[in-house]
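I have placed the structure first, in the form of structure tokens, so that the comments after it can refer back to it.
The values are calculated or read from the model by the stated rules, or taken from the named source; none is laboratory data. These numbers were taken from a predicted model, which means no experiment stands behind them. Using ideal geometry, Cβ is built from the backbone for each residue, glycine included, and neighbour counts are taken over all protein chains shown. All accessible areas refer to the heavy atoms of the entire protein, side chains included, with ligands and DNA or RNA removed. Shrake-Rupley method; radii C 1.70, N 1.55, O 1.52, S 1.80 Å.
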Amino acid sequence: MSGALVAGGAIAALFASSFSSNVVATPPYFEDAPTDRMVIEVLTVNGSGCPLGTAAVAVAPDNTAFTVTYSDYIASVGVGSKPMDFRKNCQLNLAVRVPQGFTYAIASVNYRGYAYLEKGATATQKAQYFFQGQAETRSGTHQLAGPYDDNWQSTDEVPVGSLAWAPCGELRNFNINTELRVSGGSSNTAETTSLIAMDSTDGSVNTTYQLAWKECDEGGGDEGED
């Protein structure tokens, strides 16, 4: 799939991370978002957690967030699982085109899903975020321990003072690498199944990337839509 180059930049250096069940994240700090729409195109999707046609991206109407929806992202171990099902991953390469005259930063990322873990089993959710041409990556890691049978939510949040803004006028792709992993541990995997999913029986669970915005200095600007 082809697409335009993107406005990009650096993720902030510090994440304050949390992992909880049935928690709604507090909206992060935003500058006024531009009224012109942001356009995001999925250039490539690779990984066992996002087979072709099972990941989609949508932009919030107010430009304060974009959402990645997965419909077949689940890691499992035990009865009914294949040997490699204990780990699933997904690598997204996104082309992001922002309104001219604005720049943005990733303020927080909210992941949601469901987990069923037998006593002694554990699960891990990991994510890395980086822009094309950026050597350093930012990441978040969250863990659950059984017994567990509930929805979960994890949040990687950037402190307000540490937001790193995309440089005005530069075009880079945004990459998101995520991973789900489950270990049977001391549970009896011959008779039980443990799993973690960014998925749901009614179709999908969303991963939301919250954005902060500000205007570029006069004379600078990001590429906008034609």
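With 217, 222, 202 as the choices, which residue is modelled with pLDDT under 85 and over 30 Å from residue 104 (Cβ atoms)?
Numbers: 217 fails: over 30 Å from residue 104 (Cβ atoms); 222 fails: over 30 Å from residue 104 (Cβ atoms).
After applying the criteria, what remains is 202.
Looking at (1) closer than 22 Å to residue 140 by Cα; (2) more than 15 Å from the chain's Cα centre (by Cα); (3) modelled with pLDDT under 75, which is the one condition that is false for residue 15?
(2)
Taking the range 48-77, which residues are β-branched (Val, Ile, Thr) and open to solvent by 10 Å² or more (accessible area, probe 1.4 Å)? Please lay out each step first, then the result.
Applying the first criterion (β-branched (Val, Ile, Thr)) to the range 48-77 yields 54, 57, 59, 64, 67-69, 74, 77.
Within the range 48-77, 54, 57, 59, 64, 67, 69, 74, 77 meet the criteria.
Give me the pairs: first residue in the range 93-122 and modelled with pLDDT of 80 or more and charged (D, E, K, R), second residue in a loop (DSSP other than H, G, I, E, B) and open to solvent by 10 Å² or more (accessible area, probe 1.4 Å), beta-carbon distance under 6 Å, and six or more apart or on different chains, which are they?
Short answer, once both residue conditions are applied: 118/146; 118/187; 118/192; 119/146; 119/147.
Those residues that are within 18 Å of residue 197 (Cα to Cα) and either of a type in the set (S, T, N, Q) or open to solvent by 10 Å² or more (accessible area, probe 1.4 Å) (or both), I need them from the range 104-119; list them, please. It would help to see each step written out before you state the result.
Filtering the range 104-119 for residues within 18 Å of residue 197 (Cα to Cα) gives 109-119.
Across the range 104-119, the qualifying residues are 110, 112, 114, 116, 118, 119.
Can you tell me which residues in the range 165-194 are outside any strand (DSSP E or B), open to solvent by less than 20 Å² (accessible area, probe 1.4 Å) and of a type in the set (A, V, I, L, M, F, W, C)?
166, the sole residue that qualifies.
Taking the condition open to solvent by 30 Å² or more (accessible area, probe 1.4 Å), among the polar types (S, T, N, Q) and within 16 Å of the chain's Cα centre (by Cα), does residue 141 pass? Show your work before the answer.
Details: open to solvent by 30 Å² or more (accessible area, probe 1.4 Å): yes; among the polar types (S, T, N, Q): yes; within 16 Å of the chain's Cα centre (by Cα): yes.
Spelling it out, residue 141 is indeed open to solvent by 30 Å² or more (accessible area, probe 1.4 Å), among the polar types (S, T, N, Q) and within 16 Å of the chain's Cα centre (by Cα).
Within the range 74-87, does at least one residue satisfy the condition of being within 15 Å of the chain's Cα centre (by Cα) and not in a strand (DSSP E or B)?
So far as the range 74-87 goes, no, none of its residues is within 15 Å of the chain's Cα centre (by Cα) and not in a strand (DSSP E or B).
I'd like to check something: does the range 140-156 contain any residue that is at pLDDT below 85 and touching a strand residue (DSSP E or B) at 6+ places or on another chain (Cβ under 9 Å)? Step through it out loud before you land on a result.
Let us first name the residues in the range 140-156 that are at pLDDT below 85, namely 140, 156.
After this cut, where a residue has to be touching a strand residue (DSSP E or B) at 6+ places or on another chain (Cβ under 9 Å) as well, the list is 140, 156.
Scanning the range 140-156 turns up at least one residue that is at pLDDT below 85 and touching a strand residue (DSSP E or B) at 6+ places or on another chain (Cβ under 9 Å).
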